[in-house]
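In what follows, a structure is listed as structure tokens, so that the remarks can point back to it.
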Amino acid sequence: MLLAQEVYSQIPTRIPPPGSQQQNRQQSGNGEDEEEQDDSSGRKKLIDDSTKMVFGPKTTLYFFEKDVKRNRIKKQELDTLLNGFHYYEPVAKSGWKYQDLGNIGTASKPIFYQAPKMIGTTSGFSAYDLYHHSPDSIKYFDTKSPYTKMALFFGGGNRNMMDLEFARNVTPNWNVGFTIHTIRATKTLNPARRDDHGTVNNSYSFQTSYKSDNEKYFLLGNFSRGRHQVAEQGGIIPPEVDSTSLYFTYEDAKVWLRNSSAVDLRQDYHLYHEYELLKGWQVYHVFDKRKQDVTFKSALNSPDGAFFDEYNPDIFNRVDSTINYNHFSEWRNEAGFKGDLGLFYYNAFVKFRTGRMKSTYMVSPNGFDELSIGGALRGDLNEKWSFEAEGEYLIPGAFRIHGLFVSPFLEASYTKALYKPTSMQELYRGNHHRWSNRFSNIGIDQIQGVIKADFKRWSIRPNLTINRVSNYVFFDQDQQASQSSGDAFMLIPGVKTSFNVAGKLFWETEAYYTLITGGGADNFRIPEIFANSRIYFDSPLFDENLFVQIGLEGRYRSEHFAEAYNPAMQQFYLQDRFSNVEGYPVIDFFLNARINRTRVLVRYNHVNSNLLSVPGYFVTPDFTGLKGTLDIGISWPLFD
């Protein structure tokens, strides 16, 4: 995403458009629009004029650890809005800013360069990050009644997802909860049967929060585990390799791999706790224990061997099969103090990380020990004006500094960092690839800004990102980890607009233009033009017993040499063979509706399928996007 998360922390990705029914009304269901009085804590009272207890989204609040750590707790009401509800899968939720392989649960990467927040060593296996629920994404709840949310999404072609969320207060100061997520997505290319799954995901997490009676001690803890299994297909066999292979035949497509699979297993233990020594001054400690097991298996003595003969002919370990296994583990301890001094917040910390990467064919594990110090300063001048500054220095040689300014009319940030290559980029031993590298740290200078011009019926937000990336590490055309010898300069202007016509018809657009220059420009394969737009009707019906949002949306990426995907390494790499990725407008129909507290969605993907001069589009070389398919979904919360 073009503007950093810090810049857009004040700007939700899917904000209700100006003048919309959702912006003017909190759609919370029956009985919750009655006038209520605030109690001394600012919380809505639970008794209405008839002395009936009213539980619902206004009495079930959640917050994140980052806000606790920054002394800026924002307890938010549950989202019952329709805007963006039809974006139920992670790639769509991102605003289509990820490149995947055309189906839910497939490998993905950001389209735009993202400056990392972690300056230390990471595993480097990030193809399935979108489907992992990391500790910093966990919601903590404060509920006045038991809360349960169930969501089921049925995608066309048997692409299904389920989310289950539960939380309740054991005592007024102690809350516990859990979440469960599953994916069962049948292959869109050449499935052998209806339940021939391309992706099987099972993940869950437990979380708890506790605050002492005197409110001096605060504890947040969570455990999460996710197993993401994918039947790798290697893409459609190109017609120049097999003249009988055609690209837009979907269920009848000829694919490279039928006996190959990848598994990404992750497990996290996380603890945050703080204690207030003096009024406005706390000490805190963070503990993390994480592991990631990444496995790829393929039978080379089956027809799958033809894929590796074509793209990865080198064999270093076994000639009958490829079994690549990598295990990454880390421990982290961070301790520091923080507090508030008038309008200012301050923080200082010391952090120690230790970990290792090991695999079947490594002589010894690739370990690391990292010690860093850092701190932060924030000034909240009022509700609309603020600034932040934070920094971290990893001893020796890596660092990150970041500044953010927020006003009613302008948000701007600056980031400068020197961060380490991943463990996988430094040392790798697989059946088809191997290397040992001593790469220099990667440098980034990033300036971002957005002008906010919001009015009653329309808004326009021009924005600009400027990046300078030096010593960038990437995977080249030979699928080898390589470091750029030249800098890359990126100039990315963009705009977000929203127009309200007659109070019920809305038109929203998001568009970016990317210009890359410098000696390292060719190492970034970003489409020159990226645009999303939608027009829809949004209004309550039948005396506000039914809320409806119905419309069309389109997205477009200009044609470019997008990176190809290597399933054995689980990495995207540069390629110069296949240029016609996207360059095709995709149009979807959507209908979001809410009755009481229950939300439903209907989305027809790619309504313009077979209506243009070409029958479809590509999302990655040799991987086609969805054909015309119908998705439906339902989400309903319970508060008793």
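Side notes on the structure shown:
- Around the amide H of N347, modelled in the peptide plane, lie the amide H atoms of A376, all under 5 Å away and 5 or more residues distant in sequence or on another chain.
- Pairwise centroid distance, computed over Cα atoms, of the stretch 505-526 with the stretch 60-102, Å: 24
- Across the stretch 128-190, Cα-Cα distances exceeding 19 Å account for 47% of all pairs.
- Two-decimal Rg/Rh across the chain, once Rg and the Kirkwood Rh are taken from alpha-carbon atoms: 0.95
- Remark: the K93-T509 segment gains 148.2 nm on full extension, using 0.36 nm per residue and subtracting the alpha carbon distance.
- Per-pair calculated FRET efficiency, R0 = 35 Å: V602 and S243 via Cβ, rounded to 0.05: 0.30
- Lysines with Cα under 26 Å of K254, excluding same-chain neighbours fewer than 8 positions away: K109, K187, K297, K627
- Electrostatic bookkeeping for K69 treats Lys and Arg as +1 and Asp and Glu as -1; over the other residues with beta carbon under 11 Å from its beta carbon, the sum is -1.
- Applying the Karplus relation 6.51 cos²θ - 1.76 cosθ + 1.60 with θ = phi - 60° to the stretch 553-560 yields 3J(HN,Hα) values of 9, x, 9, 8, 10, 5, 4, 7 Hz, where x marks Gly and Pro.
- Extension gain from I395 to N190, taking 0.36 nm per residue of separation minus the Cα-Cα distance: 68.7 nm
- Annotated for the stretch 356-507: lysine pairs at least 8 residues apart or interchain, Cα distance under 16 Å, count 4.
- Amide H to amide H distances under 5 Å link E528 with S558, where only residues 5 or more positions off or on other chains count and H is placed in the peptide plane.
- For the stretch 187-209 versus the stretch 110-144, the gap between their alpha-carbon centres in whole angstrom: 19
- 222 nm mean residue ellipticity, helices alone, for the chain (DSSP H n ≥ 4; -39,500 (n - 2.57); rounded to 500): -500 deg cm²/dmol
- Contour minus Cα-Cα distance for E77 and K279 (0.36 nm per residue): 69.9 nm
- Separation of alpha-carbon centers, the stretch 364-427 and the stretch 214-274, rounded to whole Å: 29
- Cα gyration tensor category, rounded, prolate or oblate, for the stretch 288-359 with a/c compared to 1.5: prolate
- Sites K297 and Y210, calculated FRET efficiency, Cβ-Cβ separation with R0 41 Å, nearest 0.05: 0.45
Just so you know, all these numbers are worked out from the coordinates, no wet-lab data involved. What you are looking at is a predicted structure, and each value in this text was computed from that prediction instead of being measured. In this analysis, Cβ positions are derived from the backbone assuming ideal geometry, glycine residues included, and neighbour counts consider all displayed protein chains.
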